[in-house]
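Inspection log for the structure reproduced underneath, given as structure tokens.
The values are calculated or read from the model by the stated rules, or taken from the named source; none is laboratory data. Bear in mind that the values here come from a model prediction, so they are computed numbers and not experimental data. All Cβ positions, even for glycine, are placed from backbone atoms using ideal geometry, and neighbour counts span all protein chains on display.
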Amino acid sequence: MRLITLDRCESGIKLGQSIYNQNGQILLAKGTELTDGLIERLIKFNISTVYIEDEASEGIEIIESIPAELRTEAVNVITEGLTTIAGLQKNNANIEGMMKTGRAIRSFQKIFKDILSCLTDNPTALNLLATTKAHDNYVYTHSLNVSIYACQLALENGLPLKNIEELGLGAMLHDVGKMYISPEILHKPGNLTAEEYKHVKTHTELGFDILRKVHEIPLPVSHCALQHHERNDGSGYPRGLKGNEIHNYAKILSVADVFDASTSHRVYRPAMLPHKGIELLYAGSGTKFESKQVELFKNCIAIYPQGLTVRLNDGRTGIVSKYNFNAVGRPEIRIIRNEDDQEVKPYEIDLSANENLTVEIVDADALLY
Ligand SMILES: [Fe+2]
């Protein structure tokens, strides 16, 4: 199986992985042969990359850290929970609303425990979470992805279980304030006006105000909503907090949040590949983000996801075939073209055992067509 961008898909290509919509329903099942009509439909759903099966990539399996069924269930829990909690404000927190909220919080806690046990049972670098999903309801999938990335990062930090669970809840709820921002602004293609941006920024305080009134929610969880846009050097919002004035949960969340946002396809820009998302974090390491968190996060994700086509510094082209757990930036590569760009019988090389070899061009399938 390998990953290619949709604009390079031709009819007749076989899907290597099912494609789901935001509600977890299958849009196209694994094994489907793509037609021009289906490709057009996927473009309409804003899907930018797909996994395909072909001869060159035969036997390359993509490890999914969180099974699709659990992701679907989690997105549903988050959708329902955020809607309930956001409704609380409007309904002025009546008893029924509070009870519903209590149930929503318990569902969040339960689903997060399932996510946590998936991550602890199968320790692996997280494969890109944002690739094959349609994204009409960005806030819900984003909240799930951030909770998965934050959970992995919290495990790398060695946080105690109680703190990981609190952070997980905070991650699922961090953008609840966006439920009060008009969708026209949230999904506006193109730049926001200064006024609109000011309005979007209020989601941190709006979220905090609603969460702190719910007695089942510990205060540090509410602070995840308030502080996740604060930056280490004081350049963030809403308060411009610096360094240790920022809660540790928010420091972890900001890294997870920025990584998922940059590697997700948005109406105003296409998704970045993970190595670019990591570059973005490194650009802010020690200034916007705590450098320790950026370093630890690098170990959490597959910088070059399996199935990605890459060109090496010696000119050979191959497909990322396997992670190296101890060197996530140096995976195994299945070479399919030699230095002269001629097709060869595929063979594997291990970058972690060949220090002179580096990935030079990522997403090199552009070069193959
Ligand atoms: Fe946010």
Options Leu211, Leu241: the member that is under 23 Å from Leu173 (Cβ atoms), within 16 Å of the ligand (Cβ to nearest atom) and in contact (Cβ under 8 Å) with a residue 24 or more places away in the chain: Leu211
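Please tell me if Glu230 is within 14 Å of the ligand (Cβ to nearest atom) and touching a Pro at 6+ places or on another chain (Cβ under 6 Å).
Here the answer is no, as Glu230 does not meet what is asked.
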Sole exception among (1) closer than 29 Å to Asn76 by Cβ; (2) away from the ligand (no atom under 16 Å from the Cβ); (3) not hydrophobic (A, V, I, L, M, F, W, C) for Glu195, by number: (1)
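Listed here are the residues, each with its yes/no results for (1) at pLDDT 90 or above; (2) closer than 25 Å to Ile181 by Cβ.
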residue	(1), (2)
Leu34	yes, no
Asn92	no, yes
Glu96	no, no
Cys118	yes, no
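Restricting attention to the range 170-192, does a residue exist that is in contact with a Pro (Cβ under 9 Å, 6 or more places away or on another chain), within 13 Å of the ligand (Cβ to nearest atom) and either of a type in the set (D, E, K, R) or in the same structural domain as Thr79 (by TED's automatic domain parsing) (or both)?
Yes, that holds for at least one residue.
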So Arg330, is it surrounded by 18 or more Cβ atoms within 10 Å (Cβ to Cβ) and either among the aromatic types (Phe, Trp, Tyr) or assigned to a strand (DSSP E or B) (or both): no
Candidate set from the range 46-67 (those that are part of a strand (DSSP E or B) and not aromatic (Phe, Trp, Tyr)); member that is farthest from the chain's Cα centre (by Cα): Glu53
Failed criterion for Gly318 (all others in (1) not in a strand (DSSP E or B); (2) not assigned by TED's automatic domain parsing to the domain that holds Asn137 hold): (1)
One residue from Arg334, Arg316, Arg266, Arg311 being under 25 Å from the mean Cα position of the chain (by Cα) and at pLDDT 90 or above: Arg311
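I'm trying to understand the selection: among the residues of the range 1-31, which are small (Gly, Ala, Ser) and surrounded by 15 or more Cβ atoms within 10 Å (Cβ to Cβ)?
Selection gives Gly16, Ser18, Gly24.
Charged (D, E, K, R), farther than 20 Å from Asp209 by Cα and within 14 Å of the ligand (Cβ to nearest atom): does that describe Arg269?
Details: charged (D, E, K, R): yes; farther than 20 Å from Asp209 by Cα: yes; within 14 Å of the ligand (Cβ to nearest atom): no.
Spelling it out, it is not the case that Arg269 is charged (D, E, K, R), farther than 20 Å from Asp209 by Cα and within 14 Å of the ligand (Cβ to nearest atom).
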